[in-house]
Every structure is written in structure tokens, then in C-alpha cells.
Amino acid sequence: MSEEIIENLGDQVVAVLKTIFDPEIPVDIYELGLIYDVFVNEDNDVKVLMTLTTPNCPVAETLPEEVKQKVQSIDVVNEAEVELTFDPPWTQDLMSEEAKLELGML
């Protein structure tokens with residue numbers, strides 16, 4: 001499979017992630033800095049490494065499952081996996097400039 005197709009799938013995954021919002025903060029989880037990495041292999045398997053704003057976040061059970069379901073819904077994705085990590089812990093420094101602007105932090 002060509003490198004271009006994999007990059008395109010990565011872009012598709014990011015676009016889907018930008019449709020998922022933290023219920024307490026009006027910013028998508030990608031701009032919020034909750035997505036640490038997206039891995040795509042030649043079999044179109046996708047692994048998303050993500051965190052939550054806190055380990056006892058109210059959506060700790062549902063948000064990773066929503067991420068998995070939405071990534072899995074991309075037609076060419078074979079298998080989707082979401083791994084939660086709290087290392088490093090999330091901080092506001094991980095937010096994009098766009099997210100900080102949206103929240104009035106700039």
C-alpha cells in the first residue's frame with residue numbers, strides 16, 4: 001500500500017477525532033490535546049493513543065469507546081483500538097492555540 005494512502009487515512013482519522021467534543025469543554029478532543037498519537041499500519045488498522053483531562057473524568061468510560069466507534073466507522077479502517085494513558089498527564093499546555101483562543105485563554 002502506498003505511503004500516500006496511509007497518510008490520507010491518518011488525515012481522515014484526525015478529521016473524525018475533530019468531531020468528538022469533551023462534554024464539559026466546548027472544544028474537540030484533538031484541539032484539546034487529548035490525542036497523543038494516531039498510528040496507521042499497512043492493513044488499515046488504527047490505534048489511537050489518548051488521555052483524559054483527569055483520570056476520574058466523568059466520561060472515562062464513554063469517551064474512549066466513542067473514539068473507537070467513530071474511527072471504526074471510516075470505511076477503509078480494518079480495526080480500531082484506543083489506548084488510554086495518563087503518562088504524561090494532560091495539562092492545558094497540550095491545547096492548541098485554536099482551543100486556547102476558543103476558551104478565552106489567549
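The values are calculated or read from the model by the stated rules, or taken from the named source; none is laboratory data. This structure is a prediction, so every number in the text was calculated from the model and none was measured. FYI the Cβ positions are ideal-geometry reconstructions off the backbone, even for glycines, and counts take in every protein chain you see. Note: accessible area is taken over every heavy atom of the protein model, side chains too, but ligands, DNA and RNA are not part of it. Shrake-Rupley method; radii C 1.70, N 1.55, O 1.52, S 1.80 Å.
Enclosing the Cα atoms of the chain in their convex hull gives a volume equal to 97 cubic angstrom per residue. For the range 85-96, backbone phi angles converted through the Karplus equation (6.51, -1.76, 1.60; θ = phi - 60°) give residue-by-residue couplings of 9, 10, 10, x, x, 5, 9, 5, 5, 7, 6, 6 Hz, Gly and Pro being listed as x. How much of the accessible area of the chain, in percent, comes from carbon and sulfur atoms when a 1.4 Å probe is used? Its accessible area is 48 percent carbon and sulfur atoms.
Proximity of backbone amide H atoms, modeled 1.01 Å from N, is registered between GLY33 and SER96 at under 5 Å, excluding neighbours fewer than 5 places apart on the same chain. What the phi angles of the range 52-67 give under the Karplus curve with 6.51, -1.76 and 1.60, with θ = phi - 60°, is a coupling list of 10, 4, 8, x, 9, 4, x, 9, 4, 7, 8, 5, x, 5, 5, 4 Hz, glycine and proline written as x. Proximity of backbone amide H atoms, modeled 1.01 Å from N, is registered between GLU81 and VAL46, LYS47, VAL48 at under 5 Å, excluding neighbours fewer than 5 places apart on the same chain. The figure for VAL76 is an accessible area of roughly 80 square angstrom, using a 1.4 Å probe on the protein chains alone. How far apart, in nm, are two points set 7 Å out from the Cα along the Cα-to-Cβ line at ASP93 and at VAL59? Spacing of the two 7 Å Cα→Cβ label points: 2.5 nm. Here is how the number arises for the chain: DSSP H runs of 4 or more residues each give -39500 (n - 2.57), the sum is divided by the residue count, and the result at 222 nm is -9000 deg cm²/dmol.
Each label point was placed 7 Å from the Cα along the Cα-to-Cβ direction; for THR85 and ASP37 their separation is 0.5 nm.
For the chain, the relative contact order is 28 percent, taking Cα pairs closer than 8 Å that sit 6 or more residues apart in sequence and dividing their mean separation by the residue count.
For the range 44-106, just run the numbers: alpha carbon Rg, then divide by 2.2 N^0.38 Å, N being how many residues it has.
1.30
With both residues required to sit in the chain, DSSP beta bridges show an antiparallel share near 50%. Calculated accessible area for the chain comes out at 59 Å² per residue, all protein chains present (probe 1.4 Å; ligands, DNA, RNA ignored).
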